[in-house]
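Participant: Structure in C-alpha cells, see below.
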Amino acid sequence: MSATTLAPGATSPTASRTSPYRLTFGHVLRSEWIKFRSLRSTWWTLGITVAVMVGFSLMFAAVMTSMDSAGVSPEEAGMGSTDGVGVMVITVGYSFAQLAVAVLGALTVTGEYSTGMIRSTLSAVPRRTPALAAKMIVVGIVTAVSTVVAVGLSYLVTYPILSGKDMTVDFSSADDQRALIGVVLYLTAVALFSVAVGVLLRSSAGAIFTLVAVFFVLSMVLNIVMGVTGADWVQTLMNSLPASAGEQVVLGGGMSSPDAIGPWPGFAVLAGWTAALTVAAAVVLKRRDA
C-alpha cells in the first residue's frame, strides 16, 4: 500500500479551493423576505390591517352623514371643524390597525424562536445584526405599503358618502397632508417597535401581551384618568409614552388635547423609543444564545 505525500508548502486541491459564495446583506435581505412572505400569519395580519382601516372608515363616514342629516355639526359633537373630518374618517381605524401590525412585527421574530428556525438564521448570519436589520427593513416596507393601500381604499370607499357633505380630504391642507403621511409613519414605527420587542422577549404570547398593553390598554387607561382627574402629571406622562405621544402625528380636526405634545415632536418620541429598543435588541441578539 502506498501513501501520497505532499511537498512542503503545497496544499491539497480541496484546501486550495475557495467557495465562490460570499454572504452579502442583499442575500440576507432576500432570505428574510422569502421567510416573511411564506408565513400565513403575515397575510392574515396584513389583511386584518387593511380590513380594519377600511371598515372603521366606512362606519365613521356613516356616523358623520347621519349626524349631518340630524343637523349635528362636527363642532357640536366635539370633533373640531369640518375641515379635518375627511382625513379623520380615512385614518380613524389606525388605533385598532396598530394592534395588527404590532402582532405582525412581533411574530416575524418570535415565530422563528418557537420553531427553532432562529438557530439556522443566526448560524447563516454569524454577525446577527444584519439579520435583525433585514427583518426590520422587510417589516417596515411592507407595513408602509399596506398602510398606503389601506388609506387609499378608505378614501375610495368613503368619498361617495362624504363628497356631498363637504367632508372630503383637503389634499392642499397642511394638516391633512401631515395626518396622511403621519398614519403611514406611525404604523410603520409601531411595526418596527414590535420587532424589537419580539427579539427582547422571544415569546409570542409575552410580546403580544406587552404590545397590547403599551399601544392600547395603557393609552386607554391614561385617557380615562386624564378625563376624570385632569391632572397635569397624567398629560406629562402621556407625552412621553410611545403610543399616546406617537399618535399625535395622526390626530387632527381638533381631536387632540390642547396640552398634548405636538404632532412631529410626538412622533419623535415614538421614534426615540423604537431606536432605543432596536439598539437593545441588537445587543441582546449578539450576546444571547438562540
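The values are calculated or read from the model by the stated rules, or taken from the named source; none is laboratory data. Everything numeric here is computed off the predicted structure, so don't read it as measured data. As a convention, Cβ positions derive from the backbone with ideal geometry for all residues, glycine included, and neighbour counts pool all protein chains shown.
Participant: Which one of VAL197, VAL190 is over 19 Å from PRO265 (Cβ atoms), buried (at least 19 other Cβ atoms within 10 Å of the Cβ) and touching a Gly at 6+ places or on another chain (Cβ under 9 Å)?
Facilitator: From the options VAL197, VAL190, the qualifying one is VAL197.
Participant: Condition test on VAL199, is it in contact (Cβ under 8 Å) with a residue 40 or more places away in the chain, part of a helix (DSSP H, G or I) and under 19 Å from ALA106 (Cα atoms)?
Facilitator: Considered against the rule, which asks whether it is in contact (Cβ under 8 Å) with a residue 40 or more places away in the chain, part of a helix (DSSP H, G or I) and under 19 Å from ALA106 (Cα atoms), VAL199 comes out as yes.
Participant: Right, something else. Which of the residues that make up region 163-179 are touching a Ser or Thr at 6+ places or on another chain (Cβ under 8 Å), part of a helix (DSSP H, G or I) and surrounded by fewer than 22 Cβ atoms within 10 Å (Cβ to Cβ)?
Facilitator: Listed by number, the list holds a single entry, LYS165.
Participant: Being in contact with a Pro (Cβ under 9 Å, 6 or more places away or on another chain), surrounded by fewer than 20 Cβ atoms within 10 Å (Cβ to Cβ) and without any contact (Cβ under 8 Å) to a residue 24 or more places away in the chain is the filter here; which residues of region 209-253 pass it?
Facilitator: Selection gives nothing.
Participant: Return yes or no: is ALA260 aliphatic (A, V, I, L, M), more than 30 Å from LEU153 (Cβ to Cβ) and either surrounded by fewer than 21 Cβ atoms within 10 Å (Cβ to Cβ) or at pLDDT below 95 (or both)?
Facilitator: no
Participant: Within region 246-257, is even one residue assigned to a helix (DSSP H, G or I) and closer than 14 Å to ASN223 by Cα?
Facilitator: Yes: region 246-257 contains one or more residues that are assigned to a helix (DSSP H, G or I) and closer than 14 Å to ASN223 by Cα.
Participant: Condition test on GLY55, is it over 19 Å from ALA191 (Cα atoms) and modelled with pLDDT of 95 or more?
Facilitator: yes
Participant: Could you tell me which of the residues LEU156, LEU107 is crowded, with 21+ Cβ neighbours inside 10 Å, closer than 19 Å to GLY47 by Cβ and out of contact with any Gly (no Cβ under 6 Å at 6 or more places or on another chain)?
Facilitator: LEU107
Participant: Restricting attention to region 114-169, which residues are under 30 Å from SER69 (Cβ atoms) and under 14 Å from the mean Cα position of the chain (by Cα)?
Facilitator: Scanning region 114-169 gives a single hit, ALA150.
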